[in-house]
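The values are calculated or read from the model by the stated rules, or taken from the named source; none is laboratory data. Nothing here was measured: the structure is a model prediction, and the numbers come from that model. Here the Cβ positions follow ideal geometry from the backbone for every residue, glycine too, while neighbour counts run over all protein chains shown. Protein only, heavy atoms only, side chains kept; ligands, DNA and RNA dropped before computing areas. Shrake-Rupley method; radii C 1.70, N 1.55, O 1.52, S 1.80 Å.
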Amino acid sequence: MSAYESLACSYDALTQDVPYEAVLDYVETLLRRRGAAPETVLDLACGTGSLSVLLAQRGYRVLAADASEDMLAMAYDKAAGLENPPFFICQRMEQLTLPAPVDLVISMLDSLNYLTDPADARTAMARIYDALTPGGTLIFDINTPEKLRGLDGQVFLDEDEDTYCVWRAEFDQEENICYYGMDLFQRRGKLWQRSFEEHREYAYTPEQLTGFLREAGFRTVAWYGDRTLEPPRPGEQRVYCEAVK
């Protein structure tokens, strides 16, 4: 089963610890440091739209794109009550095409790692560059190679009242990809339904992605530790990138 097909309806319940408000606060801190004041934003790989909704609530005009129709359905329902809801589109990163450029593109929660072919990541950077206004900003995060390699052989459990999820991680050194096998048990009335999904993340280095960004035309590229204003430290598990067109 493809990633996020069965997981979509349980994603928010299983990720209640994700600090969306803090992530957006950090994004805005980076923007204020440069004096940037974007009005239009693309939330790329928006998932169930939690950040998209927060962006709209803070007054941005929001486009939100994701490759999963199931995740977008959840996002659309979540945003239905907003006065100025995001406009949702179903697109893959490497096929991104917008009707008009935006001032800011964000892509959070290691979404770029899901592009498991480096050629697709290179294409995505070029597409994002074209989607930005002059002087526009791209901000994204990745799981570092250190984190993904360290997950090899690990088993994790997430659960709530209606979902029981066991996932196992294996890192393939030759492919440079971390595989997550997820067994999902979801309550359906009095019964439980079992399904399986496989997620894959490529272990990009900041240096590799910087090369793609430079090729695309970005003039400024900076990397930071996990929601800090300092360069990444050795062994960092998650890092952020800010690139300016």
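Annotations
- Boolean, residue 185 is surrounded by fewer than 14 Cβ atoms within 10 Å (Cβ to Cβ) and of a type in the set (Phe, Trp, Tyr): no
- Of the candidates 211, 181, the single residue that is among the small types (Gly, Ala, Ser) and not in a strand (DSSP E or B) is 211.
- The number of residues in region 1-48 that are modelled with pLDDT of 95 or more, among the aliphatic types (A, V, I, L, M) and more than 16 Å from the chain's Cα centre (by Cα) comes to 4.
- Residue count for region 120-143 under the criterion of being among the small types (Gly, Ala, Ser) and open to solvent by 50 Å² or more (accessible area, probe 1.4 Å): the result is 0.
- Taking the criterion of being out of contact with any Pro (no Cβ under 7 Å at 6 or more places or on another chain), of a type in the set (A, V, I, L, M) and modelled with pLDDT of 95 or more, the residues of region 167-204 that qualify are 169, 177.
- Of the residues screened, residue 229 is not one that is in contact (Cβ under 8 Å) with a residue 12 or more places away in the chain, touching a helix residue (DSSP H, G or I) at 6+ places or on another chain (Cβ under 7 Å) and of a type in the set (A, V, I, L, M).
- Listed by position, the helices (runs of 4 or more DSSP H) contained in region 14-100 that have at least 2 residues being free of Cβ contacts under 8 Å to residues at least 24 places away in the same chain and open to solvent by 40 Å² or more (accessible area, probe 1.4 Å) are 20-34, 69-79.
- Count of residues meeting criterion [among the aliphatic types (A, V, I, L, M), touching a residue at least 12 places away in the same chain (Cβ under 8 Å) and farther than 23 Å from residue 115 by Cβ] in region 153-189: 3
- Residue satisfying condition, being open to solvent by 80 Å² or more (accessible area, probe 1.4 Å), of a type outside the set (A, V, I, L, M) and either at positive phi or touching a Lys or Arg at 6+ places or on another chain (Cβ under 7 Å) (or both), within set 215, 198, 230: 215
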